[in-house]
Amino acid sequence: DHQHRRKRGFFIVVEGLDRAGKSTQVERLAQHLNAKPIKFPERTTAIGQMINSYLAQTSELDDQAIHLLFSANRWECVAAIHKTLDAGESIVCDRYAFSGIAYSVSKGLSYDWCRHPDIGLPLPDLTLFLDLDAQTAAARGGYGEERYEKLEFQAKVREAFSRVAQDVKAHGGRWVTIDAGKTLDQVTDDIQRAVQRATSSIDRVGIKLGRL
Ligand code: 2DT
Ligand code: MG
């Protein structure tokens, strides 16, 4: 019974284009909250290894097939996510189903089709979207050799993310856009403020974790 009264951890997702600064900010936020950092794709599982070789361009897969693998990669981690949150530990997650939708829609798949396999996954308490225009992201340099790391494609992804944001908000999710064009420390500050605002309101009303 005391298990039920223990506060669960917060589930916070960080999204954005490649080079928006997600890895650094996830690391900083996890440290700040004493939370567990995780990321998708989780490349170490059997499914994750298939995703990794697809991203590294050493294998080819149909757009639909890789979309479903990304989703399956989340589903195989759901039990561990719940276990962590139920134990009272918060999670800061680098990419989630919103990347799944945005990247696949940018290839021309339908929005509704892309959304379906992730229905029922835990809904984050808060999603922080590190927003940066594709030109600025590209100018930061360091695009690697991975699939999708091209200016033209990234511009489409940013458009797709704005549709995802509207959809999430329409379904009662908390989505906060952060200007990722500021300095690292300013972005860290903005993130911490947004998290503070969101988590204090969750504490007050005791909202349970929802579902996508
Ligand atoms: P990283 O560079 O962050 O490791 O991401 N992606 C990611 C998808 O296409 N679908 C998904 O569901 C997820 C989670 C975004 C690797 C690339 O994989 C893309 C960039
Ligand atoms: Mg990348």
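The values are calculated or read from the model by the stated rules, or taken from the named source; none is laboratory data. Computed from a predicted structure; not experimentally measured. All Cβ positions, even for glycine, are placed from backbone atoms using ideal geometry, and neighbour counts span all protein chains on display. Accessible surface areas use protein heavy atoms only, side chains included; no ligands, DNA or RNA. Shrake-Rupley method; radii C 1.70, N 1.55, O 1.52, S 1.80 Å.
Evaluated at 20 °C with a viscosity of 1.002 mPa s, what Stokes-Einstein diffusion coefficient in µm²/s does the chain have when Rh comes from the Kirkwood expression over alpha-carbon pairs? Write down the numbers at each step before the final one.
Numbers: Rh = 17.6 Å.
Rounded, D is 122 µm²/s.
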How do 149, 76, 27 stack up against each other in accessible area, from largest to smallest, with a 1.4 angstrom probe?
-> 27, 76, 149
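Starting from 0.36 nm per residue, how many nanometres of slack lie between residue 87 and residue 64 once their C-alpha separation is accounted for? Walk me through the numbers before you get to the answer.
Working: separation 23, 0.36 × 23 = 8.28 nm, distance 3.53 nm.
This chain segment gains 4.7 nm when fully extended.
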Using only the alpha carbon atoms of region 1-79, find the Kirkwood hydrodynamic radius as the inverse mean reciprocal pair distance, in angstroms to one decimal.
-> 14.8
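Provide, for region 149-212, the number of lysine pairs with alpha carbons under 24 Å apart, each pair being eight or more places apart or on different chains.
On the way: 150/182; 156/169; 156/182; 169/208.
Summing the qualifying lysine pairs gives 4.
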Inter-part gap, Cα centre of region 1-65 to Cα centre of region 166-205, in whole angstrom, is 18
Per residue of region 119-125, in order, report the coupling 6.51 cos²θ - 1.76 cosθ + 1.60 (Karplus, θ = phi - 60°) as ³J(HN,Hα) in whole Hz, putting x for Gly and Pro.
-> 4, x, 5, x, 7, x, 5
Point-to-point label distance, residue 78-residue 32, nm (Cα→Cβ direction, 7 Å offset) = 3.0
³J(HN,Hα), Karplus 6.51/-1.76/1.60, whole Hz, each residue of region 178-186, x for Gly, Pro = 10, 6, 8, x, 6, 5, 3, 5, 5
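Summing +1 for each Lys or Arg and -1 for each Asp or Glu, what net charge is found among the other residues whose Cβ lies under 11 Å from the Cβ of residue 118?
Numbers: positive: 74, 115, 211; negative: none.
Summing Lys/Arg as +1 and Asp/Glu as -1 gives +3.
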Compute the distance in nm between two label points, each set 7 Å from the Cα along the Cα-to-Cβ direction, one at residue 7 and one at residue 110.
-> 4.4
Added length on full extension, which subtracts the Cα-Cα distance from 0.36 nm per residue, residue 44 to residue 166 = 40.7 nm
Out of residues 5 or more away from residue 89 or on other chains, whose amide H comes under 5 Å of its own, with H placed 1.01 Å from N in the peptide plane?
-> 9
Between residue 174 and residues 5 or more places away or on another chain, which pairs have amide H atoms under 5 Å apart, with H built 1.01 Å from N, and which residues are they?
-> 127
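Nearest 20 debye, what's the magnitude of the dipole of the chain about its Cα centre given +1 on Lys and Arg Cβ and -1 on Asp and Glu Cβ?
Values: 29 positive and 28 negative charges, 149 e Å.
Charge dipole, the chain, about its Cα centre: 720 debye, nearest 20.
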Top mean-square fluctuation among 40, 70, 153, Gaussian network model of the chain, C-alpha springs under 10 Å?
-> 153
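Net charge around residue 165, counting only other residues with Cβ within less than 13 Å of its Cβ (Lys, Arg = +1; Asp, Glu = -1)? Don't skip to the end; give the middle numbers.
Details: positive: 158, 163, 169, 174; negative: 15, 131, 159, 167.
With Lys, Arg at +1 and Asp, Glu at -1, the net is 0.
Could you compute the net charge surrounding residue 147? Neighbours are other residues with a C-beta less than 12 Å from the C-beta of residue 147; K and R count +1, D and E count -1. Working shown, then result.
On the way: positive: 107, 150; negative: 18, 60, 63, 145, 146, 149.
Here the charged neighbours net out to -4.
If you average the sequence gap of Cα pairs under 8 Å that are 6 or more apart and divide by the length of the chain, what percent do you get for the contact order? Display every interim value, and only then the final one.
Values: 313 pairs, mean separation 65.4, N = 212.
Reported relative contact order: 31 percent.
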DSSP beta bridge pairing in the chain, given as percent antiparallel to the nearest 5 | 5
Could you go through region 26-34 in sequence order and give the Karplus-derived ³J(HN,Hα) for each residue, using 6.51 cos²θ - 1.76 cosθ + 1.60 with θ = phi - 60°, rounded to whole Hz, and x for Gly and Pro?
-> 5, 4, 5, 5, 4, 5, 4, 8, 6
How big is region 89-212 by the Kirkwood estimate over distinct Cα pairs, in Å?
-> 15.8
Would you mind computing, in nm to one decimal, how far apart the modelled labels at residue 193 and residue 177 are, each placed 7 Å from Cα along Cα→Cβ?
-> 1.7
